[in-house]
1. Quick one: what does P(r) look like for the stretch 28-85 with 5 Å bins over all Cα pairs, in whole %?
2. Specify which residue in the list Leu63, Thr36, Ala53 is farthest towards the positive end of the charge dipole of the stretch 28-85, using unit charges on the beta carbon of Lys, Arg (+1) and Asp, Glu (-1), about the Cα centre.
3. So how do 34-47, 16-29 stack up, highest first, on mean other-Cβ count within 10 Å?
4. Taking amide H positions as placed in the peptide plane 1.01 Å from N, state which residues far from Thr44 in sequence (5 or more) or on other chains have amide H under 5 Å from it.
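No lab work stands behind these numbers, since they all come straight from the coordinates. Predicted, not measured: the structure shown is a model, and the values here were computed from it. Here the Cβ positions follow ideal geometry from the backbone for every residue, glycine too, while neighbour counts run over all protein chains shown.
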Amino acid sequence: MEDLLAQLEPQTLLAGVQRVWPGVVGETIAAEATPTSARGGTLTITCRSAVWAQELDLMGPDLVARLNTALSTDLVVGLRCSAAPPKGWAAQG
């Protein structure tokens, strides 16, 4: 069953990052920030606040290395963090 699920998952950088994100960054950060897009190896991380966006910017090089290790690749080259809550977060309050 796991093999079938793996075949059905999108095979994009963003999908891979979203799959490993909570394990790489931990529950606290995963609750505050989520990968929302990828272009040219740069991930856009949408954060609940500017404070979290700034914190993840500072952690960027470490997070890039950890993500690449978790994905067994070197496709992630950078992070772009922004404070723009995606739909659904505002209501969770």
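1. Result returned by the calculation: 5, 21, 32, 26, 13, 4, 0.
2. It is Thr36.
3. Numbers: 34-47: 17.4, 16-29: 15.7.
In decreasing order of mean packing, 34-47, 16-29 become 34-47, 16-29.
4. Thr36, Ser37, Ala38, Arg39, Arg80
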